[in-house]
Amino acid sequence: MPRKMFLFMLLSAISLTTYAGQWSKQFTQDYPMGDGDSRSNARQMALEQLKVKASAEAGTYVQSMTQLQGDDLRETVQMLSASMVKVSNMREDVSVNSAGQTVFHLSATATIDEGELARRVSALQQDQQKASQIQKLQRDNQKLQEQLQIISKEMANHQVLPERAALLLTQQNETLRKMQSNQQSAQQVFQKGTLLQLARKNESSMESVKLELERSLLGPILQTPIRAEVENVIENGDRVTVLVRVGWNISSSQVEKSAGKYLSAYNFNLNPVLEFSSYNNTKGEGPNIATEQVFNFLISQRINARIRVGRHVIELPVLYSGSGFMDTCHQVDSQGTIGKSLCITNLAYSDANIVTDYQKQNPLKFIMSAQEAASISQVDAVMVRK
């Protein structure tokens with residue numbers, strides 16, 4: 001072997017040993033929010049973009065230390081590194097930019113093991129089956145990223161109708177979950193051991209269940225129309241009280257069809273509240289092997305009916321974590337699921353009582369100045385995800 005070639009290989013090995021290890025670095029990512037975006041949704045989008053930024057930095061070094069060619073190397077390393085990024089110490093904030101658009105700010109520490117990343121790239125060079133699996137996942141991810149860009153662009157349009165915004169939000173959540181599932185699958189390609197493979201398979205199956213629930217339960221609830229009309233305006237000097245009567249009707253049969261095979265309830269009558277108790281859906285109880293996982297997933301979700309009159313907003317819980325008693329289900333914000341219930345509520349337009357909050361009555365009261373009231377021409381009402 002020529003002496004120059006030997007020295008080059010030796011220096012490369014020393015460089016890989018010295019620099020290719022686990023590192024952590026602070027990253028920031030801004031996400032401009034559309035009218036249909038929730039804070040939770042903005043957080044997920046910003047997090048995925050932050051992972052891509054961190055993985056690109058890791059991938060640049062590993063590419064310089066391997067022998068794959070052209071786009072094959074770049075795309076393979078990008079897919080692998082994105083699946084290996086670990087994020088911690090997240091901090092978030094929201095501001096309004098000069099154009100009046102709300103911007104979600106995320107900062108976090110990203111950690112990745114470049115040594116392990118390099119070893120995995122090397123393993124792909126020696127195993128065509130692994131390489132084919134990763135390439136397929138990479139192609140799928142590329143399509144999903146393109147879909148996200150299209151959805152985000154439409155959501156940023158301030159003229160998008162509330163019903164369309166709710167549908168776009170559901171599609172965005174589904175796309176994000178598919179990307180996360182692909183990242184888990186990329187990790188699985190390099191895992192060994194029957195028990196671990198079984199656990200990964202179960203995890204992947206749960207991701208499919210979540211996607212199903214997004215389409216069949218959460219999506220339809222978000223698209224449920226809300227009737228909201230001004231019933232009366234009461235003047236008191238320079239103050240005005242606007243009374244807005246509201247109501248919505250979620251299909252009981254739709255909820256039973258989508259959630260009934262996973263969760264147990266005393267009945268599936270949404271009149272006015274449907275309660276899924278933790279006692280009937282955790283610790284081995286329930287109709288399905290995935291019951292407890294589904295319950296924990298859904299109880300972490302939150303959908304509100306948002307009623308806006310000018311700059312004044314009232315939000316009423318629709319799907320939330322609560323404590324049920326008789327025909328009520330009050331909100332519960334404490335941690336854990338013991339003693340909690342997953343609650344879904346309807347509100348008949350003619351009803352006066354709001355089962356989630358005894359302090360509010362239907363019609364809702366919006367108090368404002370007479371000058372502000374004179375400038376308001378409509379009431380906006382839409383389901384939103386928190």
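Among the listed pairs Lys25/Lys210; Lys86/Lys178; Lys210/Lys365; Lys153/Lys360; Lys130/Lys257; Lys153/Lys365, those with a Cα-Cα distance over 30 Å are Lys25/Lys210; Lys210/Lys365; Lys153/Lys360; Lys130/Lys257; Lys153/Lys365. Contact order, relative form, for the range 224-385: 31 percent (alpha carbon pairs under 8 Å, 6 or more residues apart, mean separation divided by residue count).
If the chain linking Lys386 and Val87 were pulled fully straight, counting 0.36 nm for each residue of separation and taking away their Cα-Cα distance, it would gain 105.4 nm.
Any read-out appearing in this document is the output of simple, stated calculations on the displayed coordinates, not a laboratory observation. Quick caveat: nothing in here was measured; it's all calculated off a predicted structure.
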